[in-house]
1. Report every pair of residues separated by at least 6 positions or lying on different chains whose Cβ atoms are under 8 Å apart, first residue within the range 98-112 and closer than 20 Å to residue 131 by Cβ, second among the charged types (D, E, K, R) and more than 10 Å from the ligand (Cβ to nearest atom).
2. Give the range 146-174 a look and list any residue that's assigned to a helix (DSSP H, G or I) and open to solvent by less than 30 Å² (accessible area, probe 1.4 Å), or say none.
3. At least 2 residues that are buried (at least 23 other Cβ atoms within 10 Å of the Cβ) in each: list the helices (runs of 4 or more DSSP H) lying fully within the range 37-132 that qualify.
4. Among what's in the range 175-230 and is assigned to a helix (DSSP H, G or I) and open to solvent by 10 Å² or more (accessible area, probe 1.4 Å), pick the residue that is nearest to the ligand (Cβ to nearest atom).
5. In the range 231-265, what residues are surrounded by fewer than 18 Cβ atoms within 10 Å (Cβ to Cβ) and hydroxyl-bearing (Ser, Thr, Tyr)?
6. Quick check on the range 20-33. Is at least one of its residues modelled with pLDDT of 95 or more, crowded, with 17+ Cβ neighbours inside 10 Å and touching a His at 6+ places or on another chain (Cβ under 7 Å)?
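The values are calculated or read from the model by the stated rules, or taken from the named source; none is laboratory data. This one's a predicted model, so the numbers in the text were calculated from it and none came from an experiment. Here the Cβ positions follow ideal geometry from the backbone for every residue, glycine too, while neighbour counts run over all protein chains shown. Remember, those area values only see protein heavy atoms, side chains included, never the ligands or the DNA or RNA. Shrake-Rupley method; radii C 1.70, N 1.55, O 1.52, S 1.80 Å.
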Amino acid sequence: MIPLLFQVLFIAGVEAASKPQMGWNSWNTFKAKINESLIKDTAAALVKLGLADAGYEYVMIDAGWQAHTRAENGQQQANVSTFPSGIKGVADHVHDLGLKLGIYSDSGIYDCDFHPGSWGYEELDAYTYASWGVDYLKYDNCGGFQAGTISSQERFQKMGQALKESGREIFYALCQWGHQFPWYWADQIADSYRMSGDIYASFASDKSGVCQTAYCLNTGYAGVSVLTMIRKMREISPFQKPGSWADMDMLEIGTNTMNEFEEQTHFSFWAALKSPLIIGADITNISESSLAILLNKEVIAISQDELGVAAAYIPDQSTEGSIQVWGGPLSHQYVVLVLNYGKETANVDLKLQNLPGLDQLCNSTDVKIRDVWGGKDLGKFTEDIHLEDVAVHQTKVLLISC
Ligand code: GAL
């Protein structure tokens, strides 16, 4: 089925994702109502707004690009009325702008909206994506009895192998909603993996039925708030490592559903917990304040830091229900997140000696501290840090250096 040239061009493995991927995805705002112009306009906006330069390199077409049937030769095909240039035409356009193109398929017979999934067609589909110039595959978990009866590992591994043999380097992002706890096995298969059901554009309210911890199951369209997604990462963040990132789902920044502090909190946690940073808003119509958050260089640098270690929850500096403190090492600094998720403004005291791992970076506790969102250096500290007036839903991001 696959031309010999491509079989000969077998590449031994997709290069591991050394840093969490950054880009934009169509699903959160547009659902399946997508078309070629929308994708091209978004790619242009990524460049024009400076987002491409800041690192957002993947333009991802989620569900909704396909025709309802395969072509006569068995290949998946784009809906010709909404994607008249086909995916190859869109990929060429996106590449000309210096960006990369992502596409969506499903590990079942169908995707969630009954377009052809890739089950049984993995090699052909991987080859087709490679021939179109696709750089990224988001691979979902809906569709047909195979999704329920064949193990996730088997279904997702099949496509992973097919991509490796496709002749093109294609980033492989599992979207399997955290079922069967992929933080234990997805690193064998993929560059990133969704750790939960879908995010919901709300800071603190979940849709009904959403459970709070990592070890409980949510389905695809779950509706997990930003705060609950952060809660679930208490169990998962220690598993983060270069090569295979737990994906907290798309950013809801710019969807006009959160205030500035809430959007800062959202971005801070996605960055420090090493989630992929995938914008889900309509960036052709985004507020200056949301854009400034997405472009914050210091927070992006925390995400893309060489060390690849995620911040961890620090229970003995936190107060359940009001203050969460997370911290962890970067390659040359230490990052601390202090989130007020209580009901009133708070003052918070942090003890430097209780920040796990800080002593391995700095010999003494004589440290310098920078307030990232405040954009200012706070000076030198020896034992305690006293933070005044942390607003409701605000996160203070502190960078500690020796
Ligand atoms: C869900 C997935 C979403 C989106 C949607 C498309 O399963 O979690 O992110 O891709 O399918 O139908």
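1. Once the first residue is closer than 20 Å to residue 131 by Cβ and sits in the range 98-112, its partners that are among the charged types (D, E, K, R) and more than 10 Å from the ligand (Cβ to nearest atom) give 99/57; 100/57; 100/135; 101/135; 102/135; 105/125.
2. At the first step, the residues of the range 146-174 found to be assigned to a helix (DSSP H, G or I) are 146-149, 152-164.
Across the range 146-174, the qualifying residues are 146, 147, 152, 155, 156, 159, 160, 162, 163.
3. Details: elements: 51-54, 86-96, 122-132.
The qualifying helices (runs of 4 or more DSSP H) are 86-96, 122-132.
4. Of the residues in the range 175-230, the ones assigned to a helix (DSSP H, G or I) are 182-184, 186-188, 226-230.
With the extra rule that they be open to solvent by 10 Å² or more (accessible area, probe 1.4 Å), the set shrinks to 183-184, 187-188, 227.
Numbers: 183: 17, 184: 20, 187: 20, 188: 21, 227: 19 Å.
Only one residue fits best here, namely 183.
5. Within the range 231-265, 257 is the sole residue that qualifies.
6. Looking through the range 20-33, none of the residues is modelled with pLDDT of 95 or more, crowded, with 17+ Cβ neighbours inside 10 Å and touching a His at 6+ places or on another chain (Cβ under 7 Å).
Residue by residue, here is whether (1) touching a residue at least 40 places away in the same chain (Cβ under 8 Å); (2) over 16 Å from the mean Cα position of the chain (by Cα) holds:
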position	(1), (2)
137	no, no
141	yes, yes
167	yes, yes
179	no, yes
183	yes, no
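Conditions (1) closer than 28 Å to residue 174 by Cβ; (2) touching a Phe, Trp or Tyr at 6+ places or on another chain (Cβ under 7 Å); (3) open to solvent by 60 Å² or more (accessible area, probe 1.4 Å), marked per residue:
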site	(1), (2), (3)
288	no, no, yes
325	no, no, no
331	yes, no, no
334	no, no, no
337	yes, yes, no
